[in-house]
Each structure stands twice: as structure tokens, then as C-alpha cells.
Amino acid sequence: MTKVVPISRDDELLGVASRWMLKLDEGALSASDEAALGAWLDEHTRHRELLLEVAVVWDKTDALARLADLFPHDAAADQVSGGTRHWRWAQGLAVAAGLAVLTISGVLLLSPGADTTPPTSDGASVTSAEYETAIGGQKTALLPDGSEVVLNTNSQLAVTFTPSARVLHLARGEILVRVAEDRVRPLSVVAGDRIIQALGTVFVVEITDERKVELMVSEGTVVIGIQPPATSPGVGDLLDTASWPPVLALAEGNVVSAGEAVTLSATDPVKRTVSADDVEVRLSWEEGRLIFRSEPLEKALQEVERYTTVEFVFLDESLRTRSLSGRFRAGDVEALLLSLRVNFNITHEYDGEGRVLLSGL
């Protein structure tokens with residue numbers, strides 16, 4: 001489907017603002033570029049607004065900081081109207097840069113004395129808690145041993161601690177786990193019928209829509225195993241220590257090390273190597289961002305849908321394989337649609353039922 005959409009004055013200015021942001025992101029501007037940019041910014045306040053808008057949409061906080069440096073405060077310049085405008089513009093940029101990097105997430109503390117339940121049958125004290133995030137939400141849980149768990153969008157997790165066991169049961173969604181080292185008490189993540197166990201490391205676990213378990217290790221090593229069906233816990237269940245995940249032994253094929261990822265499903269595990277760039281992309285959600293590097297548009301939008309209730313529909317099938325690169329704020333659909341319009345000539349309309357219909361010009 002092809003739609004003819006007239007280009008508005010704002011669209012033209014948005015294109016200019018986008019080109020300036022690309023120049024800024026590439027590095028230092030020449031003296032002539034600085035003069036031209038300053039003149040363009042002084043033409044109309046809308047120019048400044050659009051440049052700020054593009055900077056926030058593209059998550060170019062470094063560029064925002066450099067842009068503020070173009071017009072430093074000069075007491076003498078304050079006596080000149082143009083200098084005053086530049087200084088006020090720089091102030092606005094500094095504020096915008098601060099807002100752009102500010103993220104808010106819930107930090108929850110699971111202390112040994114709080115949420116303590118009756119002892120298990122063998123007399124061990126049990127500390128437990130449950131955590132859940134809505135679509136687009138994120139929470140950080142600080143555990144009694146010093147470990148940290150970050151829940152991504154639409155996730156559900158139960159945590160159970162005893163003097164001899166550390167167990168996290170992931171019912172849905174995705175978590176990033178930074179494990180405090182404890183040679184006596186391995187930390188076990190149970191996801192479906194899979195056990196992921198570590199003494200002290202950093203890894204991320206996701207249960208996909210296909211009910212596969214995706215594991216990536218960024219530091220240290222973990223051991224993987226299968227949880228017997230009879231003892232697989234449900235969220236909120238308190239189990240006797242005898243039925244908790246066993247301590248897994250190291251064996252060929254069940255160790256996943258830093259820089260490796262594995263897909264755990266009904267078939268044999270599929271392990272692969274991941275680069276430092278892959279790790280950055282995979283964990284970008286912790287900072288409230290999504291990074292795409294030459295990702296097919298269809299796959300990229302499926303990832304975006306995890307953080308919003310919006311569904312994307314392709315009216316133009318050829319758009320599915322278009323390659324998308326960039327950094328976006330997780331869940332910010334309007335920013336993404338703006339980027340698609342400016343950079344890819346992809347238009348959209350809402351159908352009133354939570355779907356965004358995408359077409360190419």
C-alpha cells in the first residue's frame with residue numbers, strides 16, 4: 001500500500017534538525033558549521049525545539065552536551081542579544097541533557113528480616129518475596145546476600161533464601177542477575193524446567209513467547225541443568241530444602257562462560273559466541289534503551305512491542321526486511337515512528353484498536 005502524504009513545513013525543518021544532529025554525532029563541527037548552526041538556531045525558537053527533540057529521540061546525550069559547549073557563557077556576550085540567546089539556548093540544552101539521561105526505576109530491598117515465613121520441615125528459616133513488572137516497567141531487587149536482580153518489562157519472579165540455598169523462580173519475562181559470590185550457597189534460577197546455577201557471576205535469562213529459555217553470560221561462568229518435573233516450583237510456593245534445585249556438577253556441555261549465549265528448549269542446547277557489542281545490545285534495556293544494529297525492521301518492532309501495548313502491522317510487506325539501526329528509548333513509540341518517518345520515509349496511522357499501520361511512501 002502506498003500513501004501520498006504532503007510534506008509539512010515541520011517535516012522539512014525536522015529533516016534539517018536531523019542532518020545537524022548527524023553532523024554533531026560524527027564529531028567536532030568546523031568553524032563554518034558552528035556559525036551556520038548558530039544562525040539557524042537563532043532564526044526561530046522552533047528550530048531549537050526540533051533539534052532538542054531529535055537529540056532526545058535518538059538518545060544523543062553526548063551530542064547534547066557538545067552542543068551546549070558551542071555557546072559557552074560569556075559575560076560580555078550577555079550584553080549582546082545574540083549572545084544572550086545563545087547562552088539561554090545552552091542552558092536549555094544542559095537541562096535537556098540532564099533529563100535525557102535521567103531514568104527512574106523501582107529499587108526494592110529484600111532484607112533478611114522482612115517477609116520471613118515459617119521454617120521449612122528441617123528447621124531452616126526462609127526469606128521470600130515476589131516481584132512483578134508491568135509492560136514497559138522495570139524493577140531492581142537487592143537480595144540479602146548482596147546479589148542484585150533487575151526485572152525487565154512484563155516479568156514475574158519469586159525469590160526464596162535459606163542459610164543453605166538461594167533460589168529465583170522466573171515465571172515469565174526477563175531478568176539480569178548479578179550474583180554475589182558464595183562458594184557454599186550457589187544461586188539457582190529456575191525457568192520452566194531449566195536450572196541456571198552460579199557461584200558469582202553476571203548473566204541474563206529470558207523466557208521467550210515460544211517458552212524457550214534464552215541465557216547470556218557476560219561475566220564468569222554458569223552451569224545449566226534440568227529441574228525434575230515433580231519438584232518444579234510455582235511462584236510463591238515454599239518448598240522443603242530437600243526438594244529445592246540440587247547443586248549442579250560441572251560437566252562437559254553444561255557450562256556457559258562469559259561471552260557465550262545458549263537457547264534452552266526441548267531439543268539440545270544451542271550455544272553461540274557473543275561479542276562485546278552483542279552484550280551491549282542485549283543489555284541496553286537496563287538503561288531504558290533499545291539498540292538495533294542492522295536489524296530487520298520486523299524483528300526490531302517485535303522487540304519494541306515487548307515494552308508497549310501497541311501492535312505494529314505492515315501494510316507494505318517490503319518494509320519487513322528493511323534494516324534498522326539506532327538507539328531508542330524503550331516503549332517510546334512516538335519517537336520510533338518519528339525516526340521511521342524522517343529516516344526511512346515510513347508513514348503510519350493508528351486504527352483505534354491499539355495497532356499502528358505502517359506504509360512506505
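The values are calculated or read from the model by the stated rules, or taken from the named source; none is laboratory data. Just so it is clear, the structure is predicted and the values come from calculations on it, not from any experiment. So basically every Cβ, Gly included, is an ideal-geometry build from the backbone, and we count neighbours across all protein chains shown. Areas reflect the complete protein model, heavy atoms only, side chains present, ligands, DNA and RNA absent. Shrake-Rupley method; radii C 1.70, N 1.55, O 1.52, S 1.80 Å.
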With (1) open to solvent by 30 Å² or more (accessible area, probe 1.4 Å); (2) among the small types (G, A, S); (3) at pLDDT 90 or above; (4) out of contact with any helix residue (DSSP H, G or I) (no Cβ under 9 Å at 6 or more places or on another chain) as the list, and S218 as the residue in question, which single condition is left unmet? (4)
Answer with yes or no whether L337 is over 30 Å from A198 (Cβ atoms), at pLDDT 90 or above and open to solvent by less than 40 Å² (accessible area, probe 1.4 Å). yes
R185 vs. criteria assigned to a loop (DSSP other than H, G, I, E, B) and over 16 Å from L283 (Cβ atoms): yes
For segment 254-305, which positions are in contact with a Ser or Thr (Cβ under 9 Å, 6 or more places away or on another chain), at pLDDT 90 or above, within 17 Å of I207 (Cα to Cα) and among the hydrophobic types (A, V, I, L, M, F, W, C)? A261, L283, W285
What pairs come out if I take residues in segment 335-361 that are closer than 12 Å to L315 by Cβ and pair them with residues that are assigned to a helix (DSSP H, G or I) and open to solvent by 50 Å² or more (accessible area, probe 1.4 Å) whose C-beta lies under 8 Å away, six or more apart or interchain? T347/R341; H348/R341; G360/S318
Please give the strands (runs of 3 or more DSSP E) falling wholly within segment 252-312 in which 1 or more residues are on the phi > 0 side of the Ramachandran plot and open to solvent by 30 Å² or more (accessible area, probe 1.4 Å). 289-296
Pairs please, first residue from segment 30-46 and within 13 Å of A17 (Cα to Cα), second anywhere and among the aliphatic types (A, V, I, L, M) and surrounded by 11 or more Cβ atoms within 10 Å (Cβ to Cβ), Cβ atoms under 8 Å, 6+ apart in sequence or on different chains. L37/L29; L37/L70; G38/L70; W40/V16; L41/L51; R46/L13
So S188 fits all but one of (1) more than 13 Å from V223 (Cα to Cα); (2) touching a residue at least 40 places away in the same chain (Cβ under 8 Å); (3) open to solvent by less than 10 Å² (accessible area, probe 1.4 Å); what number is the exception? (1)
